[in-house]
Amino acid sequence: MPPVNVDDLVQQACDETGFDDFGPPRGVYASGDFLALGAARLARERGLRIPEDFVVVGSTGLHVAAYATPPMTVMQVPMEQMGREAARMLMQMSREGDRRIAGRFIPTSLLIRESFVIEENVIQHIRAEISN
């Protein structure tokens, strides 16, 4: 299998989302940090400023996101905890002969960095809602 050309993937994503036909979205929440880095690169290549014109949020919480320009906001996903829980679930399924069991909820957190700015009035509203 030939190596994947990231530039081709970014262009394909651009084509499929209508970036050139309809204009840029206000931002992107990518299913992975490397995809978010690619979206940020594409936005910069199209003349957009991050976060002024285009916000970026990744969803795996890799350490590399802190070194992006600007540092990227990420969901901090507890991968090790998810792996341990998945292993427990598989062992339970094997032990009990179950084909399906209830899923598990594992909380994540949002690490806000410079790629995504939340206005102060929004932060105050969220804090007020949480304290009620």
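The values are calculated or read from the model by the stated rules, or taken from the named source; none is laboratory data. Being a predicted model, the structure only gives us computed values, none of them experimental. With ideal geometry, Cβ positions are generated from the backbone for all residues, glycine too; neighbour counts draw on all protein chains shown.
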State which residue pairs qualify: first residue surrounded by 13 or more Cβ atoms within 10 Å (Cβ to Cβ) and of a type outside the set (Ser, Thr, Tyr) and inside segment 103-132, second residue part of a loop (DSSP other than H, G, I, E, B) and at pLDDT below 85 in any location, beta carbons under 8 Å apart, and separation of 6 or more residues or different chains. ILE112/ILE118
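Tell me which helices (runs of 4 or more DSSP H) are completely within segment 1-119 and hold 3 or more residues being among the charged types (D, E, K, R) and modelled with pLDDT of 90 or more, or say none if there are none.
Hits in segment 1-119: 79-96.
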For PRO70, are the conditions met, namely being touching a residue at least 40 places away in the same chain (Cβ under 8 Å) and either acidic (Asp, Glu) or surrounded by 13 or more Cβ atoms within 10 Å (Cβ to Cβ) (or both)? yes
Quick check on my filter: what residues within segment 20-75 are under 13 Å from SER115 (Cβ atoms), of a type in the set (Val, Ile, Thr) and under 10 Å from the mean Cα position of the chain (by Cα)? VAL28, VAL56, VAL57, THR73, VAL74
Among the residues of segment 25-41 satisfying the criterion of being more than 7 Å from VAL56 (Cα to Cα) and among the small types (Gly, Ala, Ser), which is surrounded by the most Cβ atoms within 10 Å (Cβ to Cβ)? ALA39
